[in-house]
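**Q** Shown below is the structure under consideration.
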Amino acid sequence: RVLAPYLTVSPGDIRRTRFSELFTMSAWVMVNSTGALLFLNVDLIVANQLLGATAAGQFGAILQIVIALRSAASLLARIVAPLFFARYAKGDFSELELLLKRSMQYLGIIVACPIGILCAWSGEFLTLWLGPEFTHLQWLIWIATLHLAVNLSCRPLFFLQQAANRVKYPAIVTLALGVIHVGLSIFLATALGWGLYGIAVSGALTLTLKNCVYTTLNGASILERPRRTFLNPIFVTAACTMLALVLGKIALLVVDIESWLVLVVAAAATAILYFSVVWGIILRDDDKKFVQSAVIGSLRS
């Protein structure tokens with residue numbers, strides 16, 4: 001009333017027919033969130049109940065890395081989310097498809113760098129962070145994080161589902177795979193005796209099935225495009241992850257990582273080399289022009 005006294009709202013202005021649509025979408029989003037919790041927050045409970053507090057504490061340390069990577073990718077994906085909604089509202093599906101592909105590819109390229117370097121230096125990182133007695137967990141880092149590059153690159157497609165209000169079946173799939181993940185974690189950890197590695201393998205398999213398989217196919221279906229439409233950015237992300245991993249291993253032949261300062265400097269140098277190779281070899285000319293125009297536009301603004 002202070003800022004806009006000319007605006008009035010009365011109960012008669014409310015479209016009650018729209019309430020059902022809004023409530024239905026919110027309900028399925030809640031179902032999807034429940035499934036996501038089974039992926040993200042149940043692992044530590046399963047580890048504690050099945051393997052004991054010591055194993056759960058070790059796994060909890062690794063999960064901090066996973067949570068940090070997920071949070072960073074979510075933040076980057078949300079930056080361009082309004083563009084997806086705007087393109088969908090205008091019905092500009094061709095431009096939306098291109099924007100989604102580029103967002104997936106660029107997000108994958110960015111997250112692949114720290115993930116590849118982290119896996120390459122997992123033993124050295126654990127020695128500095130937790131102590132040499134925890135270096136045996138380096139393969140757990142590989143299993144828990146290496147798949148995240150391709151899985152996190154699919155996050156822009158989640159906003160497409162919301163823009164199109166196609167959240168019912170993704171929510172059902174997420175919840176179902178979340179339940180499967182819990183059951184598979186218990187089976188691999190106990191019946192096969194894989195312990196913490198079984199829980200990590202279960203998470204990698206089910207999350208990849210949900211994101212890289214179902215979510216990409218669902219996104220292509222929403223835009224009525226061929227099934228392979230969103231697969232190429234995933235392949236690019238996988239290649240970039242391997243590139244960062246190889247460069248990280250090569251860096252270990254040159255530098256002994258014995259302190260945090262050396263680790264930070266070496267990581268920065270490896271990252272610069274990584275992005276130089278990506279720019280010179282992996283990115284196409286149209287992608288380079290898009291990035292240059294985006295950077296110049298942001299500097300001008």
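The values are calculated or read from the model by the stated rules, or taken from the named source; none is laboratory data. Since this is a predicted model, take the numbers as computed values, not measurements. FYI the Cβ positions are ideal-geometry reconstructions off the backbone, even for glycines, and counts take in every protein chain you see. The accessibility values were calculated without ligands, DNA or RNA, using every heavy atom of the protein model including side chains. Shrake-Rupley method; radii C 1.70, N 1.55, O 1.52, S 1.80 Å.
**Q** Considering each of Ile180, Ile199 in turn, give the residue that is modelled with pLDDT under 95, open to solvent by 10 Å² or more (accessible area, probe 1.4 Å) and either under 15 Å from Leu40 (Cα atoms) or in contact with a helix residue (DSSP H, G or I) (Cβ under 6 Å, 6 or more places away or on another chain) (or both).
**A** The conditions single out Ile180.
**Q** Need the failing condition index for Val265 against (1) β-branched (Val, Ile, Thr); (2) at pLDDT 90 or above; (3) under 21 Å from the mean Cα position of the chain (by Cα), just the number.
**A** (3)
**Q** Collect the residues in the stretch 107-155 that are without any contact (Cβ under 8 Å) to a residue 40 or more places away in the chain, open to solvent by 50 Å² or more (accessible area, probe 1.4 Å) and either in a loop (DSSP other than H, G, I, E, B) or hydroxyl-bearing (Ser, Thr, Tyr) (or both), keeping them in residue-number order.
**A** If the condition is that a residue be without any contact (Cβ under 8 Å) to a residue 40 or more places away in the chain, open to solvent by 50 Å² or more (accessible area, probe 1.4 Å) and either in a loop (DSSP other than H, G, I, E, B) or hydroxyl-bearing (Ser, Thr, Tyr) (or both), then Thr127 is the only one that fits.
**Q** Still on this structure: Identify the single condition in (1) over 30 Å from Val265 (Cα atoms); (2) part of a helix (DSSP H, G or I) that Arg166 does not satisfy, given that it satisfies every other one.
**A** For Arg166, the exception is condition (2).
**Q** Here is a further query. Residues of the stretch 156-174 being open to solvent by less than 60 Å² (accessible area, probe 1.4 Å) and aliphatic (A, V, I, L, M), which ones?
**A** Listed by number, the residues that qualify are Leu157, Leu160, Ala163, Ala164, Val167, Ala171, Val173.
Residues checked against (1) open to solvent by 40 Å² or more (accessible area, probe 1.4 Å); (2) within 26 Å of Leu146 (Cα to Cα); (3) modelled with pLDDT of 95 or more; (4) in contact with a strand residue (DSSP E or B) (Cβ under 8 Å, 6 or more places away or on another chain):
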site: Ala72; (1), (2), (3), (4): yes, yes, no, no
site: Leu75; (1), (2), (3), (4): yes, yes, no, no
site: Arg78; (1), (2), (3), (4): yes, yes, no, no
site: Leu83; (1), (2), (3), (4): yes, no, no, no
site: Arg87; (1), (2), (3), (4): yes, no, no, no
site: Phe93; (1), (2), (3), (4): yes, no, no, no
site: Leu96; (1), (2), (3), (4): no, no, no, no
site: Arg102; (1), (2), (3), (4): no, yes, no, no
site: Gln105; (1), (2), (3), (4): no, yes, no, no
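**Q** Of the conditions (1) open to solvent by 70 Å² or more (accessible area, probe 1.4 Å); (2) part of a loop (DSSP other than H, G, I, E, B); (3) not polar (S, T, N, Q), Gly193 clears all except one; give me its number.
**A** (1)
**Q** Would you tally the residues in the stretch 1-26 being under 24 Å from Ala163 (Cα atoms) and loosely packed, with under 13 Cβ neighbours inside 10 Å?
**A** Counting residues in the stretch 1-26 that are under 24 Å from Ala163 (Cα atoms) and loosely packed, with under 13 Cβ neighbours inside 10 Å gives 11.
**Q** For residues that are touching a residue at least 60 places away in the same chain (Cβ under 8 Å) and either hydrophobic (A, V, I, L, M, F, W, C) or open to solvent by less than 20 Å² (accessible area, probe 1.4 Å) (or both), tally how many sit in the stretch 219-245.
**A** 16
**Q** Is it true that Phe84 is over 30 Å from Trp129 (Cα atoms), under 23 Å from the mean Cα position of the chain (by Cα) and in a helix (DSSP H, G or I)?
**A** On the way: over 30 Å from Trp129 (Cα atoms): yes; under 23 Å from the mean Cα position of the chain (by Cα): yes; in a helix (DSSP H, G or I): yes.
Yes: the conditions hold for Phe84.
**Q** Separate question: Give the residue that is nearest to Asn232 (Cα to Cα), with candidates limited to residues of the stretch 271-281 that are open to solvent by less than 50 Å² (accessible area, probe 1.4 Å) and under 22 Å from the mean Cα position of the chain (by Cα).
**A** Val278
**Q** Moving on. Output yes when any residue across the stretch 232-242 is assigned to a helix (DSSP H, G or I), aromatic (Phe, Trp, Tyr) and either under 18 Å from the mean Cα position of the chain (by Cα) or within 23 Å of Leu175 (Cα to Cα) (or both), and no when none is.
**A** yes
**Q** Which residue is modelled with the lowest pLDDT, if the candidates are limited to the stretch 283-301 and must be under 19 Å from Cys240 (Cβ atoms) and open to solvent by less than 50 Å² (accessible area, probe 1.4 Å)?
**A** Val291
**Q** Follow-up. List every residue pair whose Cβ atoms lie under 7 Å apart, where the two residues are 6 or more positions apart in sequence or sit on different chains, the first residue falls within the stretch 188-216 and is within 26 Å of Pro170 (Cα to Cα) and of a type in the set (S, T, N, Q), and the second residue, located anywhere, is assigned to a loop (DSSP other than H, G, I, E, B) and open to solvent by 10 Å² or more (accessible area, probe 1.4 Å).
**A** As it stands, the answer is Thr208/His147; Thr216/Leu231, since those pairs meet every condition given.
**Q** Could you identify the single residue in Ala56, Ala61 that is surrounded by 19 or more Cβ atoms within 10 Å (Cβ to Cβ), at pLDDT below 90 and over 30 Å from Gln161 (Cβ atoms)?
**A** Ala56 is the lone residue from the list that is surrounded by 19 or more Cβ atoms within 10 Å (Cβ to Cβ), at pLDDT below 90 and over 30 Å from Gln161 (Cβ atoms).
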